[in-house]
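The next block holds one structure in the form of structure tokens; read it before the comments.
The values are calculated or read from the model by the stated rules, or taken from the named source; none is laboratory data. Just so it is clear, the model here is predicted, and its values are computed rather than measured. Glycine also receives a Cβ, built like all others from the backbone with ideal geometry; neighbour counts cover every protein chain displayed.
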Amino acid sequence: MSKWALITGATAGIGESFARLLASKGFNIVLVARDEARLHERSAALQEKYGIETFVLVADLVTDTGSLAVENYLNQIEVEVLINNAGFGINKSFSQSDLVAEQQLLDVLVRTPMRLMHVVIPQMKARNSGTIINVSSVASFIAGGSYSAAKSYLTVLSESLHTELRGTSVKISALCPGFTRTEFHQRGRMKMKKLPDFMWLTSDRLVADAWSDAQSGKAISVPGWQYKTLIGLISLTPRSAVRKIGMNIRKRQR
């Protein structure tokens, strides 16, 4: 019997790449996002190409109702893989941003992944099997506003849970990509034209690396030599300088 994987933000970018990768490995896929039309489009394409089952779950994870709908669904089925991918960025400094937008960012990037993990981890521990990948960011290692702070939560919690469950067969990993060619920056109206080509990653490649890293037991996956190098440099750099670098990156994007 095929096992199920649930992916939030499954209609585009990294989430869509995860859906195709896991479908190619024989997993049935639960696709979670807001856009019902795109969800059904992706669902049909996965069924046709890979011959797997899919389930479409329309949910706006900004809302309590949307997050609770996914939690309730997870309580009804056994999920072997959870990919916490849904997210967005705010193209304003914290002191100038809208408070509602800041709360929504926390709801999607922090509240929902935390709650979904809290639901599925007891199931996974009971059967001693499962994989959780939290899509974090290289930004979690710098100081770049509330987005960095939210992603830091995901990275640190993933590390903590990885250690907590070390004696089990439950695998938990934080995927920390750098700049990736998806719809993310366009939706956030971020200026990215000056970023050199070699700094861009492709979602299919980083997702394949992330899956391999998670299955090999790595707590953190950083795809791309350029970002492995960057994080290595950050670890050797005084935090005062790291803070300046993070805020300068955010200013350029605005």
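Kindly provide the set of residues from the stretch 124-136 that are buried (at least 20 other Cβ atoms within 10 Å of the Cβ) and on the phi > 0 side of the Ramachandran plot, ordered by number.
So in the stretch 124-136, the residues buried (at least 20 other Cβ atoms within 10 Å of the Cβ) come out as 124, 130-136.
Across the stretch 124-136, the qualifying residue is only GLY130.
What helices (runs of 4 or more DSSP H), lying completely within the stretch 157-246, carry at least 2 residues that are modelled with pLDDT under 65?
Values: elements: 184-187, 203-215, 225-236.
In the stretch 157-246, 184-187 are the helices (runs of 4 or more DSSP H) which contain 2 or more residues that are modelled with pLDDT under 65.
Conditions tested, residue by residue: (1) basic (Lys, Arg); (2) touching an Asp or Glu at 6+ places or on another chain (Cβ under 7 Å); (3) in a helix (DSSP H, G or I); (4) at pLDDT 95 or above.
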site: ILE7; (1), (2), (3), (4): no, no, no, yes
site: ILE14; (1), (2), (3), (4): no, no, yes, no
site: PHE18; (1), (2), (3), (4): no, no, yes, yes
site: ALA23; (1), (2), (3), (4): no, no, yes, yes
site: GLY26; (1), (2), (3), (4): no, no, no, yes
site: ALA37; (1), (2), (3), (4): no, no, yes, yes
site: SER43; (1), (2), (3), (4): no, no, yes, yes
site: LEU46; (1), (2), (3), (4): no, no, yes, yes
site: ASP60; (1), (2), (3), (4): no, no, no, yes
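Pick from the stretch 62-85 the residues that are hydroxyl-bearing (Ser, Thr, Tyr) and out of contact with any Asp or Glu (no Cβ under 9 Å at 6 or more places or on another chain): which of them is surrounded by the fewest Cβ atoms within 10 Å (Cβ to Cβ)?
The residue in question is THR65.
Please work out which one of (1) touching a residue at least 60 places away in the same chain (Cβ under 8 Å); (2) β-branched (Val, Ile, Thr); (3) farther than 18 Å from VAL207 by Cβ is the condition THR163 fails and give its number.
Failed condition: (1).
Can you find, within the stretch 86-119, the residue that is surrounded by the fewest Cβ atoms within 10 Å (Cβ to Cβ) among those that are assigned to a helix (DSSP H, G or I) and touching a strand residue (DSSP E or B) at 6+ places or on another chain (Cβ under 8 Å)? Can you show your working first?
First, pick out the residues of the stretch 86-119 that are assigned to a helix (DSSP H, G or I): 99-119.
Filter once more, keeping what is touching a strand residue (DSSP E or B) at 6+ places or on another chain (Cβ under 8 Å): 112-113, 116-117.
Details: THR112: 26, PRO113: 28, LEU116: 25, MET117: 20.
Checked the stretch 86-119; the qualifying residue surrounded by the fewest Cβ atoms within 10 Å (Cβ to Cβ) is MET117.
Looking at ASP60, ASP98, which one is free of Cβ contacts under 8 Å to residues at least 12 places away in the same chain and not hydroxyl-bearing (Ser, Thr, Tyr)? Steps first, answer last, please.
Values: ASP60 fails: free of Cβ contacts under 8 Å to residues at least 12 places away in the same chain.
Step by step, each of ASP60, ASP98 is checked, and only ASP98 is free of Cβ contacts under 8 Å to residues at least 12 places away in the same chain and not hydroxyl-bearing (Ser, Thr, Tyr).
List every residue pair whose Cβ atoms lie under 8 Å apart, where the two residues are 6 or more positions apart in sequence or sit on different chains, the first residue falls within the stretch 1-24 and is among the charged types (D, E, K, R) and buried (at least 24 other Cβ atoms within 10 Å of the Cβ), and the second residue, located anywhere, is at pLDDT 95 or above and in a loop (DSSP other than H, G, I, E, B).
GLU16/ALA10
Please state which of the following conditions GLY144 fails to meet, knowing it meets all the rest: (1) over 18 Å from SER160 (Cα atoms); (2) surrounded by fewer than 21 Cβ atoms within 10 Å (Cβ to Cβ); (3) within 18 Å of the chain's Cα centre (by Cα).
Result: GLY144 passes all but (2).
Within the stretch 69-85, how many residues are part of a strand (DSSP E or B) and either among the aromatic types (Phe, Trp, Tyr) or within 17 Å of ARG34 (Cβ to Cβ) (or both)?
Of all residues in the stretch 69-85, those part of a strand (DSSP E or B) come to 79-84.
Within this subset, residues satisfying the condition of being either among the aromatic types (Phe, Trp, Tyr) or within 17 Å of ARG34 (Cβ to Cβ) (or both) are 83-84.
Matching residues across the stretch 69-85 total 2.
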